[in-house]
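The values are calculated or read from the model by the stated rules, or taken from the named source; none is laboratory data. Everything numeric here is computed off the predicted structure, so don't read it as measured data. Positions of Cβ are backbone-derived with ideal geometry, glycine not excepted, and every protein chain shown enters the neighbour counts.
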Amino acid sequence: MACSHSNTKIKVMKNLLYSILVFRLLCSTSVIAGDGPKQIAKIDRSLWPYEINTATEFDFASKMEMLVFIEVLQQHDNLIIEDSIKKYLGLQKVAVASIDAWKTQTKNILVSNFNALIKSSPNDFINIPKPINWQGLVQSSRSINNKMPDALKAWHIEAKAFYNSYVYEQMRLAALFPGITSEILTLQDSEITGSAFIDKQFLLTFDDGPTLVNGSTDKLIATLKNNNTTGVFFILGDMYNARLKSDSARKLHDLYGSNIVGSHAKIHKSHQKYEDWQYSLSYTSHLIDSIIPENKKTKYFRPPYGQRNDKIVSYLSQNNTKVMLWNIDSQDWNAKISSSEVADRVITLMLLWRRGILLFHDTHSKANEALPIIWKKLNAAGIKWIDPKQL
């Protein structure tokens, strides 16, 4: 009995210390609901000492990323008091039910991902107990701390820091949902996030274009073509019209080639509470149809910032259009992250989620610079880039 009482006190003290550390962190990262997070998750992948050029090495790297993420996520499960969550996220109001829904969804995805691991690397040093379940994964994630080989210790420290920032990013989005909608959760089953794709299948998507003639959109499409890869370009009606002033409709048709063109609305503003949302959506949809009439029968819409409402989703469904969100955010628009850091972030999240939709922006040069790095590091590991025409 005395031993059990002592263990309980130790556990309580650990939780208390963790909460204190969280509160201190928040003093320097506090934000209000209308702002984005002041920190983004970045990682230096050069600290991973092994090549990821086979399916076996992909699975080992994926396994390690998931275990570190699980350890960090489980620590955040200790934040069960609403006031503590508000303090951690720097928000005045939090949607606890949405946070719980995101956690449940995430845990289910990770259990499924571990069941997809079929390769055993000679570098692997951790066994996952069968049958695979969440509690077993939590125990395995804790055990790696004492078993970590010297070759992985620097990466392990870096990975923990990355996932502390990444969990903060994701939990903050969940805490704001559905007051401020985003990619973190769906409103209706028809919405596509990429989490239901087959293991190791990924789709490239690009927002906000097109740029003016010979700008970053043209260069990116050329890079995709040279690598026999295609994606979905979500265009803004206003950006399209700006380009049409110096380019013909025929040339714009040829520009996108084998890529799919989807709508990103007429203007880049949140449509969740925008009164003229229906005009904005129909305007860009008709514009695309007039210039690219052979576009897919099923059309795709990506709401600016991922912000939409049930009326918008239902309206789109009635017009043979699906909302396409994402589950891997490159953050390439952010001035605080370089092209190489974008590549490292995306590779890490691909290893973590093992499938999905990658969000880039063709109005920035970073996608064009980061993608060749990603292809070089992962294409030999059995990654499949989805042809959007096959969706």
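Take Lys200 and decide whether it is at pLDDT 95 or above, farther than 23 Å from Arg308 by Cα, under 20 Å from the mean Cα position of the chain (by Cα) and among the charged types (D, E, K, R). So Lys200 fits the description; yes.
Inspect all residues belonging to the stretch 59-75 and state whether any of them is modelled with pLDDT under 90, closer than 29 Å to Pro129 by Cβ and not polar (S, T, N, Q). No, there is no match, as no residue in the stretch 59-75 is modelled with pLDDT under 90, closer than 29 Å to Pro129 by Cβ and not polar (S, T, N, Q). The residue pairs whose first member lies in the stretch 216-238 and is aromatic (Phe, Trp, Tyr), whose second member is modelled with pLDDT under 95 and assigned to a helix (DSSP H, G or I), and whose beta carbons are closer than 9 Å, counting only pairs six or more residues apart or on different chains, are Phe233/Tyr256. Of all the criteria given as (1) buried (at least 24 other Cβ atoms within 10 Å of the Cβ); (2) in contact with a Gly (Cβ under 9 Å, 6 or more places away or on another chain), the one not satisfied by His361 is (1).
When we screen Ile85, Ile109 for residues that are in contact with a Ser or Thr (Cβ under 8 Å, 6 or more places away or on another chain), surrounded by 14 or more Cβ atoms within 10 Å (Cβ to Cβ), of a type in the set (Val, Ile, Thr) and in a helix (DSSP H, G or I), the only hit is Ile109.
Which of the residues spanning the stretch 260-291 are hydroxyl-bearing (Ser, Thr, Tyr) and not in a helix (DSSP H, G or I)? Listed by number, the residues that qualify are Ser263, Ser270, Tyr274.
What about Ile373, is it more than 25 Å from Ile109 (Cβ to Cβ) and either in the same structural domain as Pro303 (by TED's automatic domain parsing) or in contact with a Cys (Cβ under 8 Å, 6 or more places away or on another chain) (or both)? Considered against the rule, which asks whether it is more than 25 Å from Ile109 (Cβ to Cβ) and either in the same structural domain as Pro303 (by TED's automatic domain parsing) or in contact with a Cys (Cβ under 8 Å, 6 or more places away or on another chain) (or both), Ile373 comes out as yes. A count restricted to the stretch 193-215 and to residues that are crowded, with 19+ Cβ neighbours inside 10 Å and either outside any loop (DSSP other than H, G, I, E, B) or without any contact (Cβ under 8 Å) to a residue 60 or more places away in the chain (or both) stands at 6. Selection within the stretch 318-337: residues that are within 9 Å of the chain's Cα centre (by Cα) and among the hydrophobic types (A, V, I, L, M, F, W, C). The member of this set that is surrounded by the most Cβ atoms within 10 Å (Cβ to Cβ) is Ile328.
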